[in-house]
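The values are calculated or read from the model by the stated rules, or taken from the named source; none is laboratory data. Since the structure is predicted, the reported quantities are computational estimates derived from the model, not experimental observations. As a convention, Cβ positions derive from the backbone with ideal geometry for all residues, glycine included, and neighbour counts pool all protein chains shown.
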2 protein chains.
Amino acid sequence: MSTPTADWLRLDQQICFSLNAASRAFGGVYRVILKDLGLTYPQYLVMLVLWEHGELPVKKLGEHLRLDSGTLSPLLKRLEAAGLVRRERSTRDERSVQVRLTEEGAALRGRALEVPRRIAAATGFDLDEIRELRARLDRLTTALDAAAAEEEAGR
Amino acid sequence: MSTPTADWLRLDQQICFSLNAASRAFGGVYRVILKDLGLTYPQYLVMLVLWEHGELPVKKLGEHLRLDSGTLSPLLKRLEAAGLVRRERSTRDERSVQVRLTEEGAALRGRALEVPRRIAAATGFDLDEIRELRARLDRLTTALDAAAAEEEAGR
DNA sequence: CACAATTAAATTGCACGCAACTAAATAGCG
DNA sequence: CGCTATTTAGTTGCGTGCAATTTAATTGTG
C-alpha cells in the first residue's frame, strides 16, 4: 500500500516543481502586463507596498516583501533612476533610508489599477478559490520558514 | 457588497505574492537540505529528471523543466565541472547535445533519497493535501501560460 | 562617558531565469 | 540537388535573490 522509496524522488519533483513552475508562469503573465508600465514584477511588488503604506524605510519594505537590502538596494536604485521613487537618509536615524514615491510614482497607481483584474482573469480562478489557495500557500510558507530555521539550527 | 476598486491593488498582492513567497521559502529549505549534496535547487531538479529518464538531450531536459538553453547551458556546465554529468554532441544529430550522468552523478541519487521525506516533513502537509495543492497549481500554471500567450498575441 | 554589541544599507560575488542574438546543423521545399 | 527555413545550443545582457562582508550610526552596558 505504501509508495516505494525509489518513487519518492519522482513524487518529490511534483510538489516543489509545481510551485516553482506556477511562480514562473505568474512571472510570465506579469511581464507581459507590466511592460506598459515599465515595471518588472518585483518592482511592481515594491510599488504595491509603497502605494499602500506611503513612505517607508528600506528595512520595513523588506519585511513586507521578504527581501533584504542586497536585493532591494539595486532595485530601488532602478526605480529612482526611473523617477518613480526618492531615497533620503532619515535625519532622525542616519542609518536608515526613507523610500518615498515621487509624484510620477504616485500617479502610476492609476494606470496600475487594471492590473489585478487582468491577472485574476488570467488565472481562471474565482475569488473564493484564489482566497483558499492563498491561505494554503501562506500556511505552507510559515511551515517552511520554521523548518528552515530548525534545519539550520539543528546542524 | 463588491470590493472597492482601490482595494484590488491590495488583494492582488496576496495572490501573486503568496505564491512568490512560498516558492522562495521552499528554496530556503532546499538550500539548507541540499548543501550536503553540493547542489542548488535548480541543479537538484535537473538531477531528478536525469535520475528518472537517464540520458537526455538539452532540449528534452528543458521541456521537462520549463527552462531554455539560456538557463540550462551554464547550469549544466557547472554540473559537468562538479563531475556529475557529461555532455556529448550527438553523432546522429550534431545540433543536439546529450546529457548523461557520470558514475558519480548516478551514485548521488542514493544520498538524495532522503531529501523528499525531509521536504515533505518541512511542509507540514500530508500526502493528500500535497497532491491537491499540486493539482491546483498545475491547473493554475496551464491557465497562466495560455493567458500569457494570448496577451502576447493580442497586443 | 567609553566601548562593545547591534542595527541599517550598501556592496560583492554567485547562480538562476529569460529575452535577444549567434552559430551550426538539419529538414523541407521547389 | 540547392537553397531557404527551422531547429538546437550557446552566448550576452539584465534583473533579481541571497549569502557574506563592509561601513556607518545607534544602543546598551559597565
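Here are some notes:
- Given (1) free of Cβ contacts under 8 Å to residues at least 12 places away in the same chain; (2) in the same structural domain as A:ARG86 (by TED's automatic domain parsing), index of the condition A:TRP8 fails: (2)
- Just one of the numbered conditions (1) touching a His at 6+ places or on another chain (Cβ under 9 Å); (2) in contact (Cβ under 8 Å) with a residue 40 or more places away in the chain; (3) loosely packed, with under 15 Cβ neighbours inside 10 Å is not true of A:GLY38: (1).
- Selection from region B:41-58 of residues that are within 12 Å of DNA strand D (Cβ to nearest atom) and surrounded by fewer than 15 Cβ atoms within 10 Å (Cβ to Cβ): B:GLU55
Residue by residue, here is whether (1) within 19 Å of A:ALA25 (Cα to Cα); (2) free of Cβ contacts under 8 Å to residues at least 40 places away in the same chain; (3) within 16 Å of DNA strand D (Cβ to nearest atom) holds:
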| residue | (1), (2), (3) |
| --- | --- |
| B:SER73 | no, yes, yes |
| B:ALA81 | no, yes, yes |
| B:LEU84 | no, yes, yes |
| B:THR91 | no, yes, yes |
| B:VAL99 | no, no, yes |
| B:LEU137 | yes, yes, no |
| B:ASP145 | yes, yes, no |
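- Subset of region B:60-96 that is within 25 Å of A:LEU11 (Cβ to Cβ) and basic (Lys, Arg) - its residue that is nearest to the chain's Cα centre (by Cα): B:ARG66
- Members of region B:94-111 found to be basic (Lys, Arg) and farther than 13 Å from B:LEU48 by Cβ, listed by number: B:ARG95, B:ARG100, B:ARG111
- For A:GLU55, the test of being within 14 Å of DNA strand C (Cβ to nearest atom), over 27 Å from B:ALA148 (Cα atoms) and touching a residue at least 40 places away in the same chain (Cβ under 8 Å) is passed.
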